[in-house]
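Colleague: What follows is a structure written as structure tokens; I'll ask about it next.
The values are calculated or read from the model by the stated rules, or taken from the named source; none is laboratory data. Given the structure is predicted, the values throughout are model-derived calculations rather than measurements. Glycine gets a Cβ as well: all are built from the backbone with ideal geometry, and neighbour counts include every protein chain shown. With ligands, DNA and RNA removed, areas are computed over all heavy atoms of the protein, side chains included. Shrake-Rupley method; radii C 1.70, N 1.55, O 1.52, S 1.80 Å.
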Amino acid sequence: MTRRYFVPDLSQPGSLVALPPEEAQHAIRVMRIQPDDVVTLFDGRGFQCDARVVSLGRNECQCEVGDVQLIDREPECCIHFGVALPKPDRAKELIERLTELGVAAVTPIVGQRSQRPPKGAFVDKLRRGVVEACKQSGRNHLMEIRDTMSASDFFASVDGGVSLIAHPETGAAKVSRFVGQSRVTVAIGPEGGWSNEEVELAIGAGFECVDLGPRIYRIETAAVVVAAALVS
């Protein structure tokens, strides 16, 4: 159980900050925090500090900010995933694992064979999952979850770095070939796979096909395999 809490603005040392409502409820009801306890706060942009609990209310927690430090635990490779999200419980686990691995951003995408496009409320829940995963893992940067877009729009929007699409066609490269790159975009398709048209669109936009091996992975497994390889 961690005593790390997300606060969007750490302000200045010595100032008072209030934990956001969900963080305060967790601190008070789950962690049983008490006045004068020392906790760690992080702002999601790389900064963290130790802070002293000053006052508690029913759903309020005020903390005195200590020395704020930039503590960067990000991997050298900046990774952006476009993922056709699986079912909600599996999508939640996917987002947690990618956050822990240090992925910079995830864009939910809708492919031609997607069965259930994610709704805005569900994407908001996933963003909350990012906060929880950062609290647990010690990561100080929040992974960005961007707005949902079609796969074709995602392919067309990528600009710069290496672009990969998970698709086991003949001659596809291995992910290990791209280890050491500073910026990588990865597209992971829906459970029904990519359509031929989508693969052609991706290749036309500069994406390179990668093969993840002889077995067929679930969406969340494929994304974690690729991310783990690129940050190793």
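Colleague: Label region 124-163 by shape, choosing from rounded, prolate and oblate, from the square roots a ≥ b ≥ c of the eigenvalues of the Cα gyration tensor; if a/c is under 1.5 it is rounded, and otherwise prolate applies when a/b is larger than b/c, oblate when it is not. Numbers along the way, then the final one.
Modeller: Values: a/c = 4.45, a/b = 1.87, b/c = 2.39.
Oblate is the answer for region 124-163, as a/c is 1.5 or above yet b/c matches or exceeds a/b.
Colleague: Separate question: Can you list the trypsin sites (Lys or Arg not before Pro) in region 39-110 that are in a DSSP coil and have 12 or fewer other beta carbons within 10 angstrom? Let's see the in-between values first.
Modeller: Details: sites: R45, R52, R58, R73, R90, K92, R97; in loops: R58, R73.
Sparse-neighbourhood loop trypsin sites (Lys or Arg not before Pro): R58.
Colleague: Here's another thing I want to ask about it. So, in Å, what gap is there between the alpha-carbon centers of region 1-63 and region 78-94?
Modeller: Each part reduced to its Cα centre gives a spacing of 29 Å.
Colleague: If you don't mind, there's one more thing I want to ask. If you place +1 on the Cβ of every Lys and Arg and -1 on the Cβ of every Asp and Glu, how big does the dipole about the Cα centre of the chain come out, in debye to the nearest 20?
Modeller: Roughly 660 debye for the chain.
Colleague: With everything on Cα atoms, drop me the angle between helix 120-137 and the longest principal axis of the chain, reported from 0 to 90° to the nearest 10.
Modeller: The angle comes out at about 70 degrees.
Colleague: Right, something else. Dividing the convex hull volume of the alpha carbon atoms of the chain by its residue count, what do you get in Å³ per residue?
Modeller: Enclosed volume per residue, from the Cα hull, is 123 Å³.
Colleague: Might you report the magnitude of the Cβ-based charge dipole of region 1-81 about its Cα centre, with Lys and Arg at +1 and Asp and Glu at -1, to the nearest 20 debye?
Modeller: Charge dipole, region 1-81, about its Cα centre: 340 debye, nearest 20.
Colleague: Which one, V83, P13, L201, projects farthest toward the positive side of the charge dipole computed for the chain from Cβ point charges (K/R +1, D/E -1)?
Modeller: V83
Colleague: Could I ask something else about it? Go ahead and estimate [θ] at 222 nm for the chain from helices alone: -39,500 (n - 2.57) per DSSP H run with n ≥ 4, summed, over the residue count, rounded to 500.
Modeller: It comes out at -8500 deg cm²/dmol, rounded to the nearest 500.
Colleague: If you don't mind, there's one more thing I want to ask. Determine ³J(HN,Hα), in whole Hz, for all residues of region 213-224 in sequence, where each value follows from phi through the Karplus function 6.51 cos²θ - 1.76 cosθ + 1.60 and θ = phi - 60°; x replaces Gly and Pro.
Modeller: These are the phi-based 3J(HN,Hα) values: x, x, 9, 8, 8, 5, 3, 5, 5, 4, 5, 5 Hz.
Colleague: Here is a follow-up. Note down the relative contact order for region 87-227 as a percent, whole number, built from C-alpha pairs under 8 angstrom at least six residues apart. Don't jump to the answer; show the numbers that get you there.
Modeller: Details: 194 pairs, mean separation 44.1, N = 141.
The normalised contact order for region 87-227 reaches 31 percent.
Colleague: Could I ask something else about it? How big is the dipole moment of region 92-135 about its Cα centre under a simple scheme where the beta carbon of each Lys and Arg is +1, that of each Asp and Glu is -1, and everything else is neutral? Debye, nearest 20, please.
Modeller: The calculated dipole for region 92-135 is roughly 200 debye.
Colleague: Here's something else I'd like to know. Express the carbon and sulfur contribution to the solvent-accessible surface of the chain as a percent, rounded to the nearest whole number, probe 1.4 angstrom.
Modeller: With neighbouring chains kept in place, the figure for the chain is 48 percent.
Colleague: Next question, about the same structure. How big is region 31-97 by Rg and Dmax over its Cα atoms, in Å?
Modeller: Rg then Dmax for region 31-97, in Å: 17.2, 45.
Colleague: I've got another one for you. Using DSSP, restrict attention to beta bridges with both residues in the chain and report what percent are antiparallel, rounded to the nearest 5.
Modeller: 40 percent
Colleague: Over the chain, average the accessible area per residue using a 1.4 Å probe and give it in Å², no decimals. Each step should come with its number before you reach the end.
Modeller: Values: 11600 Å² over 232 residues.
Roughly 50 Å² per residue, with all protein chains present.
Colleague: Exactly which GluC sites (Glu not before Pro) in region 96-187 are in a DSSP loop and have at most 15 other Cβ atoms within 10 Å?
Modeller: On the way: sites: E96, E100, E132, E144, E169; in loops: E169.
Qualifying residues, ordered by number: E169.
Colleague: Further, regarding this structure: Calculate how many DSSP beta bridges within region 41-177 are antiparallel, expressed in % of all such bridges and rounded to the nearest 5. Don't skip to the end; give the middle numbers.
Modeller: On the way: 10 of 18 bridges.
In region 41-177, DSSP labels about 55 percent of beta bridges as antiparallel.
Colleague: Here is the link list: K87/K125; K87/K174; K92/K174; K87/K135. Which ones come out longer than 22 Å on Cα distance?
Modeller: Checking Cα-Cα distances, K87/K174; K92/K174; K87/K135 exceed 22 Å.
Colleague: Here's something else I'd like to know. Identify the GluC sites (Glu not before Pro) of region 1-76 meeting these criteria: DSSP loop state and at most 11 other C-beta atoms within 10 Å of the C-beta.
Modeller: Answer in residue order: E76.
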